[in-house]
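Only one structure is covered here, and it is reproduced in the block below.
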Amino acid sequence: MESEKSTLPMDGCREGEASDGLDCRWRDLEYLLRRGGPFAHEAFTEDREGETMRFLREDCRVLVIGAGALGCELLKDLAYSGFGKIDVIDMDVIDLSNLNRQFLFGEADVGKPKAGVAAQTVQARISGVHVVPHVGNIMDFDEAFYRQFHLIVAGLDSIDARRWLNAMIVGMVAYDDDGEVDSASVIPLIDGGTEGFLGQARVIVPKHTACFECTLDLFPPAQSYPLCTIANTPRLPEHCIEYAQVILWPRERPFGVEEAIDADNPSHLQWIFNAASKRADEFGITGVTYRLTKGVTKNIIPAVASTNAIIAAACANEALKMVTYIAPPMQTYMMYNGQQGIYTYTYENERATDCPVCGVPQPRRIHHLGKDKLSDLILSLEELADIRSKKPCLRNSQTKEPLYFSTPPQLEEATRANLDRTLADLMQSGTQLVLTDPMLPFTRILEICLSPDP
């Protein structure tokens, strides 16, 4: 047995076989593709002629979004699962703090784009895999770009980015002359996410399964701190950091009037760190570090390598199943909890018939007192779990009159005075408003129900 083990190189080829040949490297995968079984999907056909393998290796294009802790695992798992053509998008550069869990990078790569280095590393380690890097924000790419791919696998750390991507792929679905979904226009999305020892993987087939927006209210809003505490009685280093970015930044505009905070800009982060450190010194608070500043500003929760490995494996497994039909896809959501032992649970999310992305949206009723100000309504739009609009633009659906536009700066300045006006002064109960947000590629209709002042 020992002598037989010693003749097997890392790629699984025996002595006398070509170590770079397709047959030996992917032998185990070929066994799965050539033989049916009790767990195979009803659409599975035995790959006797190697057509499925050729499609997997040569034709199928997979887009991986994110090359961070989860993205590194996804790229490795997809490449070793047989996918031969992979594209990857990421806008970040490699930081020294990434190296303890993002194993595709080394110390010499610090400061370089994650997407480029990840692509080079995967290609260098796994022969026959072609990885194309794209450095930028996912919102910088248009519909034509996303239509190139058969499958999208996302390892994003932002709810806003997930919402945008979900709306994009659902919006690309076309219909035939009979009003039925054109299956050729459907691009499945496999979404993975981790938060410490918690993780989730889900399968989204646009117009067939629940989309991300259908279950948005399952995700807790990002942690926030009371403004009065931040401004008057800070007790934690996080309070000082929030003070710097919520109060000082709009007041001092250190990089110009129109410059918003960019959590990926080192100059912005350094300014917030310096301002937060000064604030902490004034109140005798310790613990403000550059790393914590970055974490609070970007709402970062420390990544756990084992959680990323488990969720990435689940996502890669679903990708292989969807392309080859060796087993039915997951229905449709899997949660993982590794805080106390190991626990997983899988269930099917139901589509929301009134989903603003994949359903038939209905006006969203929002209740307020007549004496409440427009600024109170704006705040509630950010806090409501099913809306979460951070840059709202509101106008009357009948009169088309703009009530408040958070962007561009000229319109914000022109409508800013309305923030201090009462809702009763601006509209009647039952008035419908059109809500748009540059972060969300869809429109919501809000029905404002005003209650008499108590």
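Quick look at the numbers
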read-out: Inter-residue pairs, beta-carbon under 8 Å, first over 17 Å from Gly295 (Cβ atoms) and open to solvent by 60 Å² or more (accessible area, probe 1.4 Å) and in the stretch 245-267, second at pLDDT below 90 and part of a helix (DSSP H, G or I), 6+ apart; value: Val257/Pro409; Glu258/Pro409
read-out: From Leu156, Leu165, Leu189, residue being buried (at least 19 other Cβ atoms within 10 Å of the Cβ), free of Cβ contacts under 8 Å to residues at least 40 places away in the same chain and closer than 17 Å to Leu63 by Cβ; value: Leu189
read-out: Which numbered condition Ile378 fails, given (1) under 27 Å from the mean Cα position of the chain (by Cα); (2) assigned to a helix (DSSP H, G or I); (3) loosely packed, with under 15 Cβ neighbours inside 10 Å; value: (3)
read-out: Some residue of the stretch 201-217 being surrounded by 15 or more Cβ atoms within 10 Å (Cβ to Cβ), in a loop (DSSP other than H, G, I, E, B) and either small (Gly, Ala, Ser) or within 14 Å of the chain's Cα centre (by Cα) (or both); value: yes
read-out: Inter-residue pairs, beta-carbon under 7 Å, first touching a residue at least 24 places away in the same chain (Cβ under 8 Å) and in the stretch 122-145, second in a loop (DSSP other than H, G, I, E, B) and open to solvent by less than 50 Å² (accessible area, probe 1.4 Å), 6+ apart; value: Val122/Leu104; Val122/Val129; Gly128/Gly84; Val129/Gly84; His130/Gly84; Glu143/Met172
read-out: Members of the stretch 398-407 found to be polar (S, T, N, Q) and either open to solvent by 70 Å² or more (accessible area, probe 1.4 Å) or on the phi > 0 side of the Ramachandran plot (or both), listed by number; value: Gln398, Thr399
read-out: Single residue of the stretch 95-126 satisfying the filter (surrounded by fewer than 19 Cβ atoms within 10 Å (Cβ to Cβ), among the aliphatic types (A, V, I, L, M) and assigned to a loop (DSSP other than H, G, I, E, B)) that is nearest to the chain's Cα centre (by Cα); value: Val110
read-out: Single match in Ile342, Ile311 (criterion: among the hydrophobic types (A, V, I, L, M, F, W, C), closer than 30 Å to Leu104 by Cα and exposed (fewer than 14 other Cβ atoms within 10 Å of the Cβ)); value: Ile342
read-out: Any hit, the stretch 435-445, residues being part of a strand (DSSP E or B), of a type in the set (Phe, Trp, Tyr) and open to solvent by less than 40 Å² (accessible area, probe 1.4 Å); value: yes
read-out: The stretch 225-244, residues that are modelled with pLDDT of 80 or more and either assigned to a loop (DSSP other than H, G, I, E, B) or open to solvent by 60 Å² or more (accessible area, probe 1.4 Å) (or both); value: Pro234, Arg235, Leu236
read-out: Complete set of residues in the stretch 413-434 that are farther than 30 Å from Trp164 by Cβ and open to solvent by 70 Å² or more (accessible area, probe 1.4 Å); value: Ala417, Asp420, Arg421, Asp425, Gln428, Ser429
read-out: Members of the stretch 260-277 found to be closer than 16 Å to Gly111 by Cα and charged (D, E, K, R), listed by number; value: Asp264
read-out: Some residue of the stretch 348-366 being of a type in the set (Asp, Glu), under 28 Å from Ile230 (Cβ atoms) and assigned to a loop (DSSP other than H, G, I, E, B); value: no
read-out: Sole exception among (1) part of a helix (DSSP H, G or I); (2) surrounded by 16 or more Cβ atoms within 10 Å (Cβ to Cβ); (3) at pLDDT below 90; (4) not aliphatic (A, V, I, L, M) for Gln410, by number; value: (2)
read-out: When residues of the stretch 324-333 are limited to those that are in contact with a helix residue (DSSP H, G or I) (Cβ under 6 Å, 6 or more places away or on another chain) and crowded, with 19+ Cβ neighbours inside 10 Å, the one farthest from Ala43 (Cα to Cα); value: Met330
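The values are calculated or read from the model by the stated rules, or taken from the named source; none is laboratory data. Not measured: the values here are computed from a predicted model. Cβ: placed from backbone, ideal geometry, glycine included. Neighbour counts: every protein chain shown. Protein only, heavy atoms only, side chains kept; ligands, DNA and RNA dropped before computing areas. Shrake-Rupley method; radii C 1.70, N 1.55, O 1.52, S 1.80 Å.
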